[in-house]
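Engineer: Before we start, here is the structure in question, set down as structure tokens.
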């Protein structure tokens, strides 16, 4: 007897052109057998589609991050298949959860161990501003100790919100000037955090 | 003879007389107070006495009463007799300007951790403690956060607009 079918009774025909995301080609000039473009655009394209995140998960935002990494939301679609727990190899520090004042030097040390170029995403109210923990023991936002590129609001944010924040990081990474990290302004920013 | 609140009280009164006072039994738990200089003598007696046998120190904590001048800080010991399964609460009070209390670490090893915690949050100076330094808060913290003269809220926060919270 045939088993009653409840799911996928109208399966979609697979269409490779719909299902595989291909990055847009950067501007440039091309002809027979060659393509010339800006070096910066190529580097940006490569970097933004292969961001290795370092999850620094301390509380409930970390649970949302697990959902984000799992099959349903699947951060790997954006080139972040490899979640690395070694700061030396990572591009993006994702701070998720309450950072107590005692934890602050550790966050900073992890940030310092990352190689340039590095980016930081603060996920959730606690990492961004201390959140509900307006107390003597909690750091009131990680931007007091390290520079933050993207803040994701929410308590905790839904995985979609984090994806949105991640896409914003990708946008920043893709558009970043190759000389930004050597600029005086960047050095000033680092000095304001007492780095170097 | 089973140990009851009445027999414990009787035994302690025989031994210490008027030195132990403020007897009460909130929710059935015998509670009493003594002078802070006597805290080790009372604890030693509670530990050693063959009928009392309070050999388990469940908790040490402090309470800050800013309105009680001269006795602002209470140090509270919770003791447990594991044989009779009975608990008591023992308090000593000290002046907040001179918060010296004798350490119970020689008697109860578990007092080590709990006295450090009490020092960390209330600044009670446990005389005789082997390593009285902060245990939970950051080492560079320069005040005792659970004392009531310090605001609970973090003072470095800039994004909290009082108007938004309906405060002046």
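Engineer: Take the residues of segment A:111-129 that are touching a residue at least 24 places away in the same chain (Cβ under 8 Å) and within 12 Å of chain B (Cβ to nearest Cβ): which is surrounded by the most Cβ atoms within 10 Å (Cβ to Cβ)?
Structural biologist: A:128
Engineer: OK, next. For the condition modelled with pLDDT of 90 or more and within 30 Å of residue A:132 (Cα to Cα), what is the one hit in A:97, A:44?
Structural biologist: A:97
Engineer: Given the conditions (1) within 14 Å of chain B (Cβ to nearest Cβ); (2) surrounded by 14 or more Cβ atoms within 10 Å (Cβ to Cβ), which single one is not true for residue A:132?
Structural biologist: Single failed check for residue A:132: (2).
Engineer: Considering only segment A:135-178, state which residues are in a helix (DSSP H, G or I), more than 14 Å from every other protein chain (Cβ to nearest Cβ) and without any contact (Cβ under 8 Å) to a residue 40 or more places away in the chain.
Structural biologist: Across segment A:135-178, the qualifying residues are A:161, A:164, A:168.
Engineer: Going through segment B:1-39 one residue at a time, which ones are closer than 13 Å to residue B:88 by Cβ and assigned to a helix (DSSP H, G or I)?
Structural biologist: Matches in segment B:1-39: B:5, B:6, B:7, B:8, B:9, B:11, B:12, B:26, B:27, B:28.
Engineer: Then there is this: Hey, could you check segment B:114-141 for residues that are away from every other protein chain (no Cβ under 11 Å) and loosely packed, with under 13 Cβ neighbours inside 10 Å and say which is nearest to residue B:101 (Cα to Cα)?
Structural biologist: Residue satisfying both the conditions and the ranking: B:127.
Engineer: Are any of the residues in segment B:67-83 more than 14 Å from the chain's Cα centre (by Cα), in contact (Cβ under 8 Å) with a residue 40 or more places away in the chain and surrounded by fewer than 18 Cβ atoms within 10 Å (Cβ to Cβ)? Break it down stepwise before answering.
Structural biologist: First pass over segment B:67-83, keeping only residues more than 14 Å from the chain's Cα centre (by Cα): B:67-70, B:80-83.
Narrowing the set further to residues that are in contact (Cβ under 8 Å) with a residue 40 or more places away in the chain leaves B:81.
Remaining after also requiring surrounded by fewer than 18 Cβ atoms within 10 Å (Cβ to Cβ): none.
Checked segment B:67-83: no residue is more than 14 Å from the chain's Cα centre (by Cα), in contact (Cβ under 8 Å) with a residue 40 or more places away in the chain and surrounded by fewer than 18 Cβ atoms within 10 Å (Cβ to Cβ).
Engineer: Check segment B:76-92 and report whether any residue there is farther than 27 Å from residue B:17 by Cβ and either within 14 Å of chain A (Cβ to nearest Cβ) or in a loop (DSSP other than H, G, I, E, B) (or both). Walk me through it before giving the result.
Structural biologist: Of the residues in segment B:76-92, the ones farther than 27 Å from residue B:17 by Cβ are B:82, B:85.
Now drop any that are not either within 14 Å of chain A (Cβ to nearest Cβ) or in a loop (DSSP other than H, G, I, E, B) (or both), which leaves B:82, B:85.
Yes, segment B:76-92 contains at least one residue that is farther than 27 Å from residue B:17 by Cβ and either within 14 Å of chain A (Cβ to nearest Cβ) or in a loop (DSSP other than H, G, I, E, B) (or both).
Engineer: Also, quick follow-up: For segment A:176-195, check the following and say yes or no: at least one residue is under 18 Å from residue A:52 (Cα atoms) and crowded, with 17+ Cβ neighbours inside 10 Å.
Structural biologist: Yes, there is a match, as at least one residue in segment A:176-195 is under 18 Å from residue A:52 (Cα atoms) and crowded, with 17+ Cβ neighbours inside 10 Å.
Engineer: Name the residues in segment A:94-110 that are in contact with a helix residue (DSSP H, G or I) (Cβ under 8 Å, 6 or more places away or on another chain), more than 9 Å from chain B (Cβ to nearest Cβ) and outside any loop (DSSP other than H, G, I, E, B), would you?
Structural biologist: A:94, A:95, A:96, A:107, A:110
The values are calculated or read from the model by the stated rules, or taken from the named source; none is laboratory data. What you see is a predicted model, and the numbers here were worked out from it, not measured in a lab. Glycine gets a Cβ as well: all are built from the backbone with ideal geometry, and neighbour counts include every protein chain shown.
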